[in-house]
Amino acid sequence: MADKKTALVLGGTGMVGRNLVMLLDTLDDWEAIAVSRREPYFETKARHISCDMTEPDDCRAKLSGIGDVTHVFFCGHATGIRWAEKAPEDTDLFRNSMDAALPNLPNLRHVCLMQGSKYYGRHLGPFKTPAREEDPRHMPPNFYYTQQDCLMELSEGRSWGWSCARPHIVTGYARTDLNLTKPIAVYATVSKELGLPLRYPGNEAAYRALHCASDVELLARAMVWMSTTPECAGEAFNVVNGDYFRWENVWRWSAAPSRRSISNR
């Protein structure tokens, strides 16, 4: 019989968490526990725990009694777009949930932390692409840094390993405001109403820069791989599709109908 594993997916109904849970549903040797404030809006075999990870007391009440977990995947994300202002909130999401869950997980093997290309400063303007995992950090604040530092501190002297997944522009279905297609669609609608051409709204550097994209289903598979491969412990991985692009070559595609969402991670 295959080695049975149980995943605790923190932030289990967002774009990444949802697709990770759906992937685990298809794997015979995995069970999943999805944690989010709201019930899953999709069909899943996963057990759901309703928890507000911004509240330490709720985390302790909901996450302290699930000792059969072998793997933790943190996919949570605080609402808002003001990166510097919400950095403490995202850090607290991670710290609250981990502080509540970890002391009661005797069978834990691995913790996988979801990050993104803002680790490299994409939200601050043009940055070196393709980014490499060893690229230096930019000047803080950046909650990806504080979350990773917290994870490394928690792992000291423990038997479990950790890894970080760094997708770039994440593509896939999502019922979330964390994607690029919605503002592009609104911008296109307003432009059409005003009789204006669909001009690229950013600067020339971003228009001509090399970008990477990450299919969310590929990302989910990579997260399972890095969490079950011992050689991945203590490492971060950029998870991107092999085909890079520049907006100057694909901007006209933005005006075409699409069923895909693009996460601005």
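Condition check ((1) among the hydrophobic types (A, V, I, L, M, F, W, C); (2) surrounded by 17 or more Cβ atoms within 10 Å (Cβ to Cβ); (3) touching a His at 6+ places or on another chain (Cβ under 6 Å)) across all residues:
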residue: Y145; (1), (2), (3): no, no, no
residue: R166; (1), (2), (3): no, yes, no
residue: V170; (1), (2), (3): yes, yes, no
residue: S191; (1), (2), (3): no, no, no
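Can you find, within segment 148-182, the residue that is nearest to D92 (Cα to Cα) among those that are at pLDDT 95 or above and part of a helix (DSSP H, G or I)? My answer is C150. Evaluated against (1) crowded, with 20+ Cβ neighbours inside 10 Å; (2) touching a His at 6+ places or on another chain (Cβ under 7 Å), W160 falls short on exactly one condition, (1).
Between G172, G195, G157, which is at positive phi and either polar (S, T, N, Q) or touching a helix residue (DSSP H, G or I) at 6+ places or on another chain (Cβ under 7 Å) (or both)?
Details: G195 fails: either polar (S, T, N, Q) or touching a helix residue (DSSP H, G or I) at 6+ places or on another chain (Cβ under 7 Å) (or both); G157 fails: either polar (S, T, N, Q) or touching a helix residue (DSSP H, G or I) at 6+ places or on another chain (Cβ under 7 Å) (or both).
Being at positive phi and either polar (S, T, N, Q) or touching a helix residue (DSSP H, G or I) at 6+ places or on another chain (Cβ under 7 Å) (or both) holds for just one of G172, G195, G157, which is G172.
For segment 75-92, a residue qualifies if it is closer than 16 Å to C164 by Cβ and assigned to a helix (DSSP H, G or I), and the qualifying residues are D90, T91. Among the residues of segment 188-230, those identified as free of Cβ contacts under 8 Å to residues at least 60 places away in the same chain and among the basic types (K, R) are K192, R199, R208. The lone criterion from (1) more than 20 Å from N96 (Cβ to Cβ); (2) in contact (Cβ under 8 Å) with a residue 24 or more places away in the chain; (3) assigned to a helix (DSSP H, G or I); (4) hydrophobic (A, V, I, L, M, F, W, C) left unmet by A185 is number (2).
The values are calculated or read from the model by the stated rules, or taken from the named source; none is laboratory data. No experiment lies behind these values; they were computed from the predicted model shown. Here Cβ is always computed from backbone atoms with ideal geometry, including for glycine, and neighbour counts include all displayed protein chains.
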